[in-house]
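Here the structure is laid out as structure tokens; the discussion comes afterwards.
The values are calculated or read from the model by the stated rules, or taken from the named source; none is laboratory data. Remember, it's a predicted structure, so these values are computed and weren't measured experimentally. A quick note on method: Cβ atoms are made from the backbone with ideal geometry, for glycine too, and the neighbour counts reach across all protein chains shown.
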Amino acid sequence: MQRGKFITIDGVEGAGKSTQIDFICSYLAKKNINVILTREPGGTKLGEKIRELLLSIDTKLMDNDTELLLMFAARNEHIKTKIIPALKRGDWVLSDRFTDASYAYQGGGRGLSIERITFLERWVLQDFSPDVTLLLDVPVALGMLRIKSRIRKDRIELETNDFFNRVRDGYIKRSKQFPERIKLIDASQTLKETSQQIKVILQVL
């Protein structure tokens with residue numbers, strides 16, 4: 001059986017990932033492709049418990065290295081028990097965030113060593129990598145405006161604009177480093193225009 005494709009979608013807060021995830025799932029369904037939707041942190045029973053620790057406002061202060069290690073602990077479980085088995089079955093997998101988020105949030109936002117993140121990536125992922133990463137890029141001010149109406153924000157969503165500007169810079173650096181895999185999408189456009197950019201990419205997978 002042919003291995004499925006692994007697609008990840010990423011971006012700063014308010015980039016419109018949820019809407020575009022719905023579009024991608026609908027598009028693939030019309031192509032008779034079975035897609036498994038998952039997310040990070042999370043995706044497994046253990047991962048969801050780690051997600052709660054990472055995002056709960058009750059957690060309050062957490063050492064940055066602890067945050068990074070928890071992210072990769074959840075990711076290891078995610079890859080080994082959910083993503084790879086699904087791909088081997090021939091299913092496609094769409095993940096809301098993946099390793100690029102650690103480089104952007106913990107590396108760019110928190111200022112942690114990129115070398116340390118790379119070490120963890122090589123340890124956990126080995127030679128595993130997404131087939132394509134859809135990076136929704138939007139100015140931070142616009143992203144924050146879009147999520148302003150959210151009733152309850154999580155621990156990371158409560159960070160400052162300066163933090164998210166560093167996160168955005170981290171994502172853009174990654175897209176320049178891996179242009180073949182990471183497709184930078186202008187998500188400041190209308191939802192339909194953003195979806196069209198994604199459709200063009202999906203058509204050649």
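Brief remarks follow.
- Restricting the first member to the range 190-205 and to residues that are more than 15 Å from ALA29 (Cβ to Cβ) and touching a residue at least 12 places away in the same chain (Cβ under 8 Å), and the second to residues that are exposed (fewer than 15 other Cβ atoms within 10 Å of the Cβ) and among the hydroxyl-bearing types (Ser, Thr, Tyr), the beta-carbon pairs closer than 7 Å and six or more apart or on different chains are LEU191/THR19.
- Of all residues in the range 5-15 being buried (at least 21 other Cβ atoms within 10 Å of the Cβ) and at pLDDT 95 or above, the one that is farthest from THR99 (Cα to Cα): ALA15
- Note on the range 109-133: residues that are among the hydroxyl-bearing types (Ser, Thr, Tyr), assigned to a helix (DSSP H, G or I) and in contact (Cβ under 8 Å) with a residue 24 or more places away in the chain total 0.
- Failed item, numbered, when ASN76 is tested on (1) crowded, with 20+ Cβ neighbours inside 10 Å; (2) polar (S, T, N, Q); (3) farther than 20 Å from ARG181 by Cβ: (1)
- Residue check, LYS173 of a type in the set (Lys, Arg), more than 17 Å from the chain's Cα centre (by Cα), over 22 Å from GLY4 (Cα atoms) and surrounded by 14 or more Cβ atoms within 10 Å (Cβ to Cβ): no
- For the range 1-34, the set of residues classified as more than 24 Å from GLY109 (Cα to Cα) and of a type in the set (Asp, Glu) consists of ASP22 only.
- Among residues of the range 126-143 being surrounded by fewer than 16 Cβ atoms within 10 Å (Cβ to Cβ) and charged (D, E, K, R), the one that is farthest from the chain's Cα centre (by Cα) is ASP127.
- Of all residues in the range 154-177, exactly one satisfies the criterion of being in a loop (DSSP other than H, G, I, E, B) and without any contact (Cβ under 8 Å) to a residue 12 or more places away in the chain, namely THR160.
- For the range 141-186, taking the residues that are hydroxyl-bearing (Ser, Thr, Tyr) and out of contact with any helix residue (DSSP H, G or I) (no Cβ under 7 Å at 6 or more places or on another chain), the one that is farthest from GLU115 (Cα to Cα) is identified as SER149.
- Tally of residues being surrounded by fewer than 14 Cβ atoms within 10 Å (Cβ to Cβ) and not hydroxyl-bearing (Ser, Thr, Tyr) across the range 144-168: 9
- Breaking point among (1) crowded, with 18+ Cβ neighbours inside 10 Å; (2) more than 16 Å from PHE72 (Cα to Cα), for GLY107: (2)
- Given (1) more than 15 Å from the chain's Cα centre (by Cα); (2) within 17 Å of ARG155 (Cα to Cα), index of the condition GLY42 fails: (1)
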